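Asker: This is the structure I have questions about; it appears just below.
The values are calculated or read from the model by the stated rules, or taken from the named source; none is laboratory data. Keep in mind that what you see is a predicted model, and the values were worked out from it rather than measured. Reconstructed Cβ throughout: ideal geometry from the backbone, glycine too, with neighbour counts over all protein chains shown.
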Amino acid sequence: MHILLADDEPAFRFSASVVLRGAGYRVTVARDGREAFTRIVEARAAGDPVQILVTDQVMPEVTGTELIGLLRDWGIRIPAVVVTGYRGLPPVPGSSPGSLNELIEKPIEPEDLVACMARVAATSPSAAPA
């Protein structure tokens, strides 16, 4: 299963990608929403679509919610997990029912991240392994 992990924090990007790869996922990383959008479009064009998006909510230039909206505007609908480092964040601004699958707060225990991916994959037909 192909996961794209977008986060502007290098330490989180690294540790989460190691955890997900260790759980058997193929992971592409992006430093921000713009890079994530480009990588998702390129992967789709190459016949290797991203099956789950894990995105930080607060990133410079393009937030996680804006990234999800941009993908949907382009007709790209993939399951999305929004990650936030802000405790007690209200529902993701601009999100609508069905626009994201999970909202999880940092810090994230490795087993919780893996369990989240398993839940999303199990409940999202578009996240089924290729």
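Asker: Pairs only if they're at least six apart or on different chains, beta carbon under 7 angstrom, first in the range 109-128 and surrounded by 13 or more Cβ atoms within 10 Å (Cβ to Cβ), second at pLDDT below 90 and polar (S, T, N, Q); list them, first residue then second.
Answerer: Partner pairs satisfying both residue conditions: Val120/Asn101; Ser124/Asn101.
Asker: Within the range 32-39, can one find any residue that is in a helix (DSSP H, G or I), among the hydrophobic types (A, V, I, L, M, F, W, C), under 19 Å from His2 (Cβ atoms) and in contact (Cβ under 8 Å) with a residue 24 or more places away in the chain?
Answerer: yes
Asker: Let me confirm something: among Gly47, Gly75, Gly24, Gly94, which residue is of a type in the set (Gly, Ala, Ser), part of a loop (DSSP other than H, G, I, E, B), at pLDDT below 90 and more than 14 Å from the chain's Cα centre (by Cα)?
Answerer: Gly94
Asker: Quick check on Thr65: is it β-branched (Val, Ile, Thr), closer than 19 Å to Ile104 by Cβ, touching a Pro at 6+ places or on another chain (Cβ under 7 Å) and not in a loop (DSSP other than H, G, I, E, B)? So that I can check it myself, show each step before the final result.
Answerer: On the way: β-branched (Val, Ile, Thr): yes; closer than 19 Å to Ile104 by Cβ: yes; touching a Pro at 6+ places or on another chain (Cβ under 7 Å): yes; not in a loop (DSSP other than H, G, I, E, B): yes.
Yes.
Asker: Can you name every residue in the range 1-21 that is at pLDDT 95 or above, among the hydrophobic types (A, V, I, L, M, F, W, C), closer than 25 Å to Gly47 by Cβ and not in a strand (DSSP E or B)?
Answerer: Correct list: Leu20 only.
Asker: Answer yes if at least one residue in the range 30-40 is of a type in the set (S, T, N, Q) and under 20 Å from Ile108 (Cβ atoms), and no otherwise.
Answerer: Scanning the range 30-40, I find no residue that is of a type in the set (S, T, N, Q) and under 20 Å from Ile108 (Cβ atoms), so the answer is no.
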